[in-house]
Amino acid sequence: MPLAPPAATAPSVPTALAADGLPPLLLPLDLKLTPDQFELVCQANPEAVLELTADGQLIAMTPTGGDTSSRNSLLIARLQIWALGQGTWKVFDSSGGFRLSDGSVLSPDASVVRLELWQALTPEQRRGLPPLCPDLVIELASPSDQGPRGSEALRRKMATYIANGAQLGWLLFPEQRAVEIWKIDGEDDEPAPQRLEAAMRLEGGALFPGLVLELEEIWAG
């Protein structure tokens with residue numbers, strides 16, 4: 001039974017409307033789910049785009065606009081070309097969810113995982129929500145600062161990725177042609193994002209040798 005937009009008097013998680021004639025299912029915002037329960041909800045609602053916070057709350061993601069979708073497709077293509085040339089990395093798109101060690105389940109717009117880490121998972125783990133954090137995560141901010149794709153929500157996600165083991169995060173702001181680079185800075189346990197204005201190029205450096213993103217084509221959409 002698909003999830004549905006909330007009624008005015010009953011707060012719930014908004015996703016797709018029922019398409020099979022059945023009454024929509026409303027879920028309260030204060031509902032707490034375990035990662036296993038969340039995976040069952042996702043399997044029962046394949047049309048819904050959902051994430052899970054570390055404290056068990058659902059996050060309903062809205063579909064992206066055309067510009068964001070186009071940019072994301074180009075990101076994936078560039079990452080795939082690099083990964084295939086290296087032979088030691090696995091690339092994932094925004095439909096893939098990862099079960100992080102803090103209990104959250106998040107889906108970066110684009111991500112990269114070491115091939116040896118992926119191959120260490122069982123076939124069952126690969127088919128479900130992989131219990132790992134990507135090494136590289138990329139998120140595209142929406143023009144609005146509101147909602148799950150807004151800048152502050154994405155900053156919280158980037159901090160969560162780093163806290164759960166990501167080596168590098170790139171938060172892209174296409175409307176501003178800016179990038180925030182997220183990583184652990186030296187001995188400091190807190191991520192220290194560095195903002196680049198009028199950014200034209202990103203390099204993976206020693207962590208991701210040979211990875212280069214020319215941002216002008218990404219900004220163009």
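The values are calculated or read from the model by the stated rules, or taken from the named source; none is laboratory data. Every value quoted in this text rests on a predicted model; they were computed, and no experiment measured them. Don't worry about glycine lacking a Cβ; one is built from the backbone with ideal geometry, like all the others, and counts go over all protein chains shown.
For the reader, a short list of remarks on this structure follows.
- Here the range 108-131 is the region considered, the condition is being modelled with pLDDT of 95 or more and among the small types (Gly, Ala, Ser), and the residue that is surrounded by the fewest Cβ atoms within 10 Å (Cβ to Cβ) is Ala120.
- Annotation: Asp30 fulfils all but one of (1) surrounded by fewer than 16 Cβ atoms within 10 Å (Cβ to Cβ); (2) at pLDDT 80 or above; the unmet one is (2).
- Test result for Leu172, in contact (Cβ under 8 Å) with a residue 40 or more places away in the chain, in a loop (DSSP other than H, G, I, E, B), surrounded by 16 or more Cβ atoms within 10 Å (Cβ to Cβ) and of a type in the set (A, V, I, L, M, F, W, C): no
- Within the option set Glu139, Glu175, Glu152, being farther than 21 Å from Ala54 by Cβ and not polar (S, T, N, Q) holds for one residue only, Glu175.
- When Ser95, Ser70, Ser101 are checked against the criterion of being out of contact with any Phe, Trp or Tyr (no Cβ under 7 Å at 6 or more places or on another chain), under 25 Å from Trp219 (Cα atoms) and exposed (fewer than 14 other Cβ atoms within 10 Å of the Cβ), Ser95 stands alone in meeting it.
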